[in-house]
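In what follows, a single structure is set out as structure tokens and then discussed.
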Amino acid sequence: MSRSKSIRAPSTASLPNDFRIPSTTQSLVKSLGKLSRQSLLDLAFYWLEDRNWKTFPPYLHQDDLENPDDDELSPYPAEHTIDHVRNAYQELQMRKGGKREVIDRILEGDWRHGITLRQLAMIDLRYLDDHPSSLRWTALELSRIGVGGSDGDTAACVPRIHASTFLSKLQQQISPLVKSHYHLARSRSLPVAFLRIFVTNSPYQHPRQTADSLTDSSRVIYVAFPDSCPFIYISISTSSSAPAKASTEVVATDARSLQRIVRDAIPKALSLPQQRYTLKPTALTAKSLTALLKLRGPGRSTRANGTFSIFADAVIEGSPLDPRPSNSVAPAEYLHQDQDPGKENYSHSEENGPDLSTAPKSRRVEPDTRVSKKRKLAVQSRFGTAGSSLASAPLDRLDVRLLDPPGSDADDAGQMQPALSLTFAGSDVIAGIRRLAELGIVDPERMPSWMTGEEAVSVAIVRSGNRVAKDSG
């Protein structure tokens with residue numbers, strides 16, 4: 001009697017954690033090569049812990065009995081016990097060397113039978129922990145629908161999240177569209193939890209994906225959940241670790257489609273029958289996770305930016321509720337004497353302003369102590385600590401879209417197409433604008449609040465000098 005042929009039916013189930021990527025996949029070397037030698041060793045030790053080694057089993061001598069030819073071709077003979085494998089990595093840690101020998105030991109020795117999707121996710125998240133500015137993040141506000149009025153009203157909220165239930169509901173939302181793998185882990189250095197979502201093609205698509213596509217970073221989206229605040233951060237890696245090649249596959253994993261799928265699914269996965277949520281844009285994107293936590297996080301400075309940051313950062317002796325008129329309070333009362341360790345008094349240093357002796361004659365101005373001090377006080381009153389050495393939330397990019405046509409006084413309320421777009425980029429954009437104000441190139445008293453960091457945005461759509469509500473997230 002002939003054996004019946006097996007039938008493979010498409011499934012919407014998520015990819016399992018123990019799904020293995022062949023260790024001979026070339027892109028795995030690049031994925032592991034992103035980490036430092038110590039980070040690679042740390043991961044190997046974690047995989048070999050007593051509580052974890054059965055989840056990430058290494059290749060042992062007993063496996064050779066099933067495949068005797070494997071060990072003959074490997075430069076790393078299979079160890080007999082887990083303790084022997086641990087000792088091998090302890091020896092690698094005790095001596096100096098490059099990270100390539102650790103990578104070779106992992107791929108050609110102890111995990112020669114393949115790296116699981118969960119191991120790959122841990123590699124990516126370890127790199128993200130080691131390099132918190134490696135991706136660009138977009139902050140979104142989580143709001144509850146129907147709070148305080150009609151069904152269209154929203155209010156910021158912090159829902160309670162049960163990890164396994166949330167992932168199950170998220171998988172139900174995404175699975176009909178793409179095949180996915182999910183990995184949720186706590187950051188080692190920041191007060192956030194990371195969710196890594198890897199998507200392949202549709203579960204009903206043929207042919208099957210190649211091994212290299214399983215390490216393609218352009219198919220990965222990261223979601224960061226900061227502690228105790230109504231915001232989440234989303235990031236997509238636009239680079240690809242898989243080798244580029246021509247393909248006729250239709251995969252809905254371009255950056256915009258992937259972000260839209262996940263952004264639509266997250267609030268639905270968090271919603272309950274009588275508690276529905278939505279995600280609202282905040283017009284804030286940055287490469288620094290620390291900056292996002294400062295500007296859209298659980299800290300006290302979430303609503304105290306720009307000029308108000310002097311109170312949140314505790315760099316003044318006064319209070320925003322000080323009943324005394326501003327003209328009756330000496331400026332020294334509002335500034336610590338040790339604001340800049342290298343100068344006796346920050347507010348009175350460089351009283352003569354910047355050295356303009358080398359500037360072109362057309363722009364050279366005579367130093368005026370009174371004008372310089374007045375300008376410094378104006379800059380400090382508008383920027384606060386934003387853009388100074390005390391700031392801990394640098395923005396690397398500021399996109400401005402002006403809706404008013406140049407030379408036109410007409411205010412077309414329906415015009416939403418930008419007549420002019422400007423982009424400021426650098427290590428700290430607000431610091432650069434602050435420096436321009438200190439040099440007298442721009443007037444700090446006439447600057448809009450979104451340019452001084454007060455509104456904590458990196459995207460501004462402007463009409464008649466004011467930022468309009470329609471922001472891109």
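Return only the number of the condition from (1) touching a His at 6+ places or on another chain (Cβ under 8 Å); (2) more than 25 Å from Ser187 (Cα to Cα) that Glu108 does not satisfy.
Going through the list (1) touching a His at 6+ places or on another chain (Cβ under 8 Å); (2) more than 25 Å from Ser187 (Cα to Cα), Glu108 breaks only (1).
Which of the residues belonging to region 427-446 are open to solvent by less than 20 Å² (accessible area, probe 1.4 Å) and more than 27 Å from the chain's Cα centre (by Cα)? Walk me through how you get there before you give the answer.
Pass one, region 427-446, residues open to solvent by less than 20 Å² (accessible area, probe 1.4 Å): 429-430, 433-434, 437, 444.
Ala437, Pro444, listed by residue number.
What's the number of the only condition in (1) within 25 Å of Trp137 (Cα to Cα); (2) small (Gly, Ala, Ser); (3) open to solvent by 50 Å² or more (accessible area, probe 1.4 Å) that Ser464 fails to meet?
Every listed condition holds for Ser464 apart from (1).
Just to be sure, is Gln259 surrounded by fewer than 15 Cβ atoms within 10 Å (Cβ to Cβ) and either more than 25 Å from Leu28 (Cα to Cα) or modelled with pLDDT under 80 (or both)? Quick ask: steps written out before the conclusion?
Working: surrounded by fewer than 15 Cβ atoms within 10 Å (Cβ to Cβ): no; either more than 25 Å from Leu28 (Cα to Cα) or modelled with pLDDT under 80 (or both): yes.
When the stated conditions are applied, Gln259 does not pass them.
Please state which one of Lys54, Lys5, Lys30 is open to solvent by 60 Å² or more (accessible area, probe 1.4 Å), at pLDDT 85 or above, within 30 Å of Ser175 (Cα to Cα) and assigned to a loop (DSSP other than H, G, I, E, B). Talk me through it step by step, then tell me what you get.
On the way: Lys5 fails: at pLDDT 85 or above; Lys30 fails: assigned to a loop (DSSP other than H, G, I, E, B).
Testing whether each residue is open to solvent by 60 Å² or more (accessible area, probe 1.4 Å), at pLDDT 85 or above, within 30 Å of Ser175 (Cα to Cα) and assigned to a loop (DSSP other than H, G, I, E, B) leaves just Lys54.
Is one or more of the residues making up region 378-393 open to solvent by less than 70 Å² (accessible area, probe 1.4 Å), modelled with pLDDT of 90 or more, under 22 Å from Ala139 (Cβ atoms) and not in a loop (DSSP other than H, G, I, E, B)?
No, every residue in region 378-393 fails to be open to solvent by less than 70 Å² (accessible area, probe 1.4 Å), modelled with pLDDT of 90 or more, under 22 Å from Ala139 (Cβ atoms) and not in a loop (DSSP other than H, G, I, E, B).
Just name the residue that is most open to solvent (accessible area, probe 1.4 Å) out of those in region 212-256 that are part of a helix (DSSP H, G or I) and at pLDDT 65 or above. Talk me through it step by step, then tell me what you get.
Kept after step one, since they are part of a helix (DSSP H, G or I), are these residues of region 212-256: 212-215, 217-219, 255-256.
Adding the requirement that they be at pLDDT 65 or above leaves 212-215, 217-219, 256.
On the way: Asp212: 43, Ser213: 12, Leu214: 9, Thr215: 9, Ser217: 26, Ser218: 31, Arg219: 29, Arg256: 191 Å².
Filtering first and then ranking leaves Arg256.
When region 80-102 is examined, which residues are found to be open to solvent by less than 60 Å² (accessible area, probe 1.4 Å), touching a residue at least 24 places away in the same chain (Cβ under 8 Å) and touching a Lys or Arg at 6+ places or on another chain (Cβ under 9 Å)?
Those that are open to solvent by less than 60 Å² (accessible area, probe 1.4 Å), touching a residue at least 24 places away in the same chain (Cβ under 8 Å) and touching a Lys or Arg at 6+ places or on another chain (Cβ under 9 Å): Tyr89, Leu92, Gly97, Gly98, Val102.
Taking only region 81-131 into account, find how many residues are touching a strand residue (DSSP E or B) at 6+ places or on another chain (Cβ under 8 Å), farther than 17 Å from Ser31 by Cβ and assigned to a helix (DSSP H, G or I).
Residues in region 81-131 being touching a strand residue (DSSP E or B) at 6+ places or on another chain (Cβ under 8 Å), farther than 17 Å from Ser31 by Cβ and assigned to a helix (DSSP H, G or I): 3 in total.
One residue is enough: does region 149-157 have a residue meeting the conditions aliphatic (A, V, I, L, M), assigned to a strand (DSSP E or B) and modelled with pLDDT under 85?
Here is the first cut: in region 149-157, the ones aliphatic (A, V, I, L, M) are 155-156.
Now narrow it down to the ones that are assigned to a strand (DSSP E or B): 155-156.
Of the ones still in play, those that are also modelled with pLDDT under 85 are 155-156.
Taking every residue of region 149-157 in turn, at least one turns out to be aliphatic (A, V, I, L, M), assigned to a strand (DSSP E or B) and modelled with pLDDT under 85.
In region 278-294, which residues are open to solvent by less than 20 Å² (accessible area, probe 1.4 Å), more than 13 Å from the chain's Cα centre (by Cα) and not hydroxyl-bearing (Ser, Thr, Tyr)?
Ala283
Where the second residue is at pLDDT below 90 and among the basic types (Lys, Arg) and the first is in a helix (DSSP H, G or I) and lies in region 444-473, which pairs have Cβ atoms under 6 Å and are six or more apart or on separate chains?
Listed by first residue and then by second, the contacts come to Pro444/Arg382; Trp450/Arg467.
The values are calculated or read from the model by the stated rules, or taken from the named source; none is laboratory data. If you're wondering where the values come from, they're calculated on a predicted model, not measured in any experiment. When we count neighbours, we look across all protein chains shown, and the Cβ atoms used for this are built from the backbone with ideal geometry, even at glycine. With ligands, DNA and RNA removed, areas are computed over all heavy atoms of the protein, side chains included. Shrake-Rupley method; radii C 1.70, N 1.55, O 1.52, S 1.80 Å.
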